[in-house]
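The structure appears below as structure tokens.
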Amino acid sequence: MTDPLRLTDYARGGGCACKIPPGELEAMVAGLSPATGVAELLVGLEHGDDAAVIRLDERTGLVSTADFFTPVVDDAYDWGRIAAANALSDVYAMGGTPLVALNLLCWPRETLPLELAREVLRGGQDVAREAGCHLAGGHSVDDDGPKYGLAVTGVVRPEELITLDAGRAGLPLSLTKPLGVGVLNTRHKRTGERFAEAVDSMARLNRDAARAAVAAGIRCGTDVTGFGLLGHASKLARASRLTVSIDAAAVPYLPGAREALRDGYVSGGTRRNLDWVTPWSDFGGLDESERLLLADAQTSGGLLVAGEVPGGTVIGELLPASGHLIRVR
């Protein structure tokens, strides 16, 4: 009897943990400037926001993004759902609504059955349908390893844009999904154990959280993905020229996350995240295990917003700038 095929065996990293490390990425794009166009660019490369935005007219901004990654779970359909929800999240994180998406598929066609690729695409299609977003074609290449995601176009009202640089001291900081999918996915990759709550969390759209944030007048935020809570919080703090204060005890985690950490299921991406933020963070007496959980590389995580939203958890606040971008208490 042959062993069942496992998609995660074909991935060096899993999901958003396979991103280029944040420090290397910043160095790579430093000095690049966006090409000029006929429309006004509202959001570009400056702070590393989740998507680019151009103004079409006084009432409409066009949101454009792309996101794809290696398998994060072994079930092809679930991977498609997760990758699609993650790509759509970039539009939601800007306060926008996705309108149309294109598939981005890399597939080792001589190694993995095309029937599995079809399941990946079906998962992406079902999530796009749930989002009310057209999924119309795309692009595929024969590659050494499987990768999947979407290029997404959406719209946003310019006055409702959510960006990294719009924070104000005194605002609470809310998180709309629990952390922990990174360590659980690492455990899944190494052992084959399946964590249904992690899959459900990753496949869940950030649509409702984004709508609630816009309705609450929130204008500063991002989503939490491969750079972990600490990495994305530090980008927000830097862009807004503030300090992010995090109450470690208030941060929610998925069931099993602490046990996975205890048993050593920590990805290289999570460790790189922690190394990157440590020089400008004040962790007080927080031990390394708690730091690693806060730096855990998430895939299709929740929104991190400056304000309170229904269903979200207040995990800290924005403070006037101090000697650190992040303070954890």
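Points to keep in mind about this one:
- Residues in region 170-196 that are under 30 Å from Glu308 (Cα atoms) and either hydrophobic (A, V, I, L, M, F, W, C) or surrounded by fewer than 19 Cβ atoms within 10 Å (Cβ to Cβ) (or both): Gly170, Leu171, Pro172, Leu173, Leu175, Leu179, Val181, Val183, Leu184, Phe195, Ala196.
- Top-ranked residue in region 164-213 [being closer than 28 Å to Leu42 by Cα and acidic (Asp, Glu); ranked as farthest from the chain's Cα centre (by Cα)]: Asp165
- Of the criteria (1) touching a strand residue (DSSP E or B) at 6+ places or on another chain (Cβ under 8 Å); (2) modelled with pLDDT of 95 or more; (3) within 25 Å of Glu193 (Cβ to Cβ), which one Leu171 fails: (3)
- Hey, Leu294 out of contact with any helix residue (DSSP H, G or I) (no Cβ under 6 Å at 6 or more places or on another chain), under 16 Å from Asp247 (Cβ atoms) and of a type in the set (A, V, I, L, M) or not: no
- Failed condition for Cys106, given (1) crowded, with 24+ Cβ neighbours inside 10 Å; (2) in contact with a Lys or Arg (Cβ under 7 Å, 6 or more places away or on another chain); (3) farther than 30 Å from Leu42 by Cα: (1)
- Any hit, region 91-103, residues being assigned to a helix (DSSP H, G or I), surrounded by fewer than 24 Cβ atoms within 10 Å (Cβ to Cβ) and not assigned by TED's automatic domain parsing to the domain that holds Gly221: no
- Filter result for Arg241 (basic (Lys, Arg) and within 23 Å of Gly311 (Cβ to Cβ)): no
- Selection within region 199-211 - in a helix (DSSP H, G or I) and either out of contact with any strand residue (DSSP E or B) (no Cβ under 9 Å at 6 or more places or on another chain) or within 12 Å of Ile162 (Cα to Cα) (or both): Val199, Asp200, Ser201, Ala203, Asp208, Ala210, Arg211
- Inside region 55-90, residues that are in contact (Cβ under 8 Å) with a residue 60 or more places away in the chain and assigned to a helix (DSSP H, G or I) make up a count of 14.
- Among the residues of region 141-164, those identified as under 30 Å from Pro113 (Cβ atoms) and charged (D, E, K, R) are Asp142, Asp143, Asp144, Lys147.
One line per residue, one yes/no per condition, for (1) in the same structural domain as Ala233 (by TED's automatic domain parsing); (2) in contact with a helix residue (DSSP H, G or I) (Cβ under 8 Å, 6 or more places away or on another chain); (3) not hydroxyl-bearing (Ser, Thr, Tyr):
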site: Pro113; (1), (2), (3): no, no, yes
site: Leu121; (1), (2), (3): no, yes, yes
site: Gly124; (1), (2), (3): no, yes, yes
site: Ala128; (1), (2), (3): no, yes, yes
site: Gly138; (1), (2), (3): no, no, yes
site: Val141; (1), (2), (3): no, no, yes
site: Gly154; (1), (2), (3): no, yes, yes
site: Leu173; (1), (2), (3): yes, yes, yes
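- Region 127-140: number of residues that are crowded, with 16+ Cβ neighbours inside 10 Å and closer than 22 Å to Leu112 by Cβ: 3
- Those residues of region 177-198 which are part of a helix (DSSP H, G or I) and without any contact (Cβ under 8 Å) to a residue 40 or more places away in the chain, in sequence order: Thr191, Ala196
The values are calculated or read from the model by the stated rules, or taken from the named source; none is laboratory data. For clarity, every value in this text was computed on a predicted model and none was experimentally measured. So basically every Cβ, Gly included, is an ideal-geometry build from the backbone, and we count neighbours across all protein chains shown.
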